[in-house]
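**Q** One structure, as structure tokens, below. Some questions next.
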Amino acid sequence: MSDYYSTAEASLASAQHEDEILAKEREKPRVGDQEDISVLAKEVAGGDPLFIIKAKSLAETYGTIRRVRKDGSCFLRAYLYGVAQVCMSDKTEVEKVLQYLDGNKAELIKTYGDHVEDFHDITNELFTDIKNNIIKTPEELHARFQDSQSDYVAYYGRFIASTYMRDNSDLFSPFLDVDIKTYCNTVETVGCELEHVSIMALTTALGTPVKIEYFDLSPGDKCNSHSFPEGSNPQIFLLYRPGHYDLLSLRK
């Protein structure tokens, strides 16, 4: 009995600690202000020399970083913020995104129910406002992503990824250890970060490629990187540190 209660108490303490961390994280901006990429080198100063070398290497390519809230939706926030940035500078991109959103609305409602319409409409409104120049400055876009309704946009990204995987199960099933339905249920779960397979699905569905820089202690003086979809010309750039994504901008 004592071992049982000790284990239970340890589990409860761990859960409470995680709740405290998440509560502190919710006090932070959903997407932060742009910071000079040099902050990355300052963060790792005094740590493993390889981190310092890689931070300096990143600074040769990227000029700024935006920190994204660590709440299990950081990839979705960072990527969809990046998609919105691309759409602001290229109206053909926003037309493409709106066409996709319009084309998959009925299917999503059929699959998930009428409540999905709210998620769709808020996401559609964001990109329509970009198209119509209601959102026309970086500051206005940043403000929109601080609003709680941007949580609907991030979550809608889960629906997009999951639906694309269900519709193309023959393509994705070979990469999974579970059946496609079980995996997609995980993708749709709040707080579960997207993995390589679901990232491939989301980026392919929306058609806006992303390059991820892996900031870790793997061998080499530069970060390993990967573009999604494979072999694409990336328009969005993310920094990955184990369990978390932030948004990068190319050096001008």
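The values are calculated or read from the model by the stated rules, or taken from the named source; none is laboratory data. Source: prediction; values computed, not measured. For neighbour counting, all protein chains shown are included, and Cβ atoms are generated from backbone atoms with ideal geometry for every residue, glycine included. SASA here: full protein model, heavy atoms, side chains in, ligands and nucleic acids out. Shrake-Rupley method; radii C 1.70, N 1.55, O 1.52, S 1.80 Å.
**Q** For the stretch 100-229, what is the largest minus smallest coordinate of the Cα atoms on each principal axis, given in angstrom and ordered from greatest to least?
**A** 46, 39, 24
**Q** Could you compute Rg(Cα) / (2.2 N^0.38 Å) for the stretch 38-158, with N its residue count?
**A** 1.29
**Q** In addition: Which residue, Arg69, Arg30, Arg144, has the most motion in a Gaussian network model of the chain that connects Cα atoms within less than 10 Å?
**A** Top of the fluctuation ranking is Arg144.
**Q** Could I ask something else about it? Comparing Phe159, Phe237, Phe175, which has the greatest mean-square fluctuation in the GNM of the chain with Cα pairs linked when under 10 Å apart?
**A** Checking each option, the largest mean-square fluctuation is seen for Phe175.
**Q** Something else about it: Which one of Val178, Val153, Val94 has the biggest mean-square fluctuation once the chain is modelled by GNM with Cα springs under 10 Å?
**A** Highest fluctuation of the listed residues: Val178.
**Q** Using the charge dipole of the chain (Lys, Arg: +1 at Cβ; Asp, Glu: -1 at Cβ; taken about the Cα centre), state which of His120, Cys184, Ala59 has its Cα farthest towards the positive end.
**A** Ala59
**Q** Helix-only estimate, please: 222 nm mean residue ellipticity of the chain, summing -39500 (n - 2.57) across DSSP H runs of length 4 or more and dividing by its residues, to the nearest 500.
**A** Roughly -18500 deg cm²/dmol at 222 nm, from the helical runs in the chain.
**Q** Compute the accessible area per residue over the chain, keeping the other protein chains in place, probe 1.4 Å, unit Å².
**A** Spelled out: the 1.4 Å probe surface of the chain, per residue, equals 52 Å².
**Q** Let me ask something else. Only Lys, Arg, Asp and Glu count, each charged at its Cβ (+1, +1, -1, -1), so figure out the dipole size of the chain about its Cα centre, rounded to 20 debye.
**A** In debye, rounded to 20, the chain gives about 820.
**Q** Nearest 20 debye, what's the magnitude of the dipole of the stretch 85-148 about its Cα centre given +1 on Lys and Arg Cβ and -1 on Asp and Glu Cβ?
**A** Roughly 200 debye for the stretch 85-148.
**Q** Carbon and sulfur atoms: what percent of the 1.4 Å accessible area of the chain do they account for?
**A** 52
**Q** How big is the charge dipole of the stretch 77-212 about its Cα centre, in debye rounded to the nearest 20, if each Lys and Arg gets +1 on its Cβ and each Asp and Glu gets -1 on its Cβ?
**A** Charge dipole of the stretch 77-212: 280 debye, to the nearest 20.
**Q** Can you compute log10 of I(q)/I(0) for the stretch 21-104 with the Debye formula, treating each Cα as one identical point scatterer, at q = 0.12, 0.17, 0.26, 0.27 Å⁻¹?
**A** So the normalised log intensities work out to -0.53, -0.89, -1.17, -1.18.
**Q** While we're looking at this one, here's another question. Write down the radius of gyration of the chain and its Dmax, each obtained from C-alpha positions, in Å.
**A** 19.3, 65
**Q** With an 8 Å cut-off on Cα pairs and a minimum separation of 6 or more residues, tell me the relative contact order of the stretch 88-194 in percent.
**A** Computed over the stretch 88-194, the figure is 22 percent.
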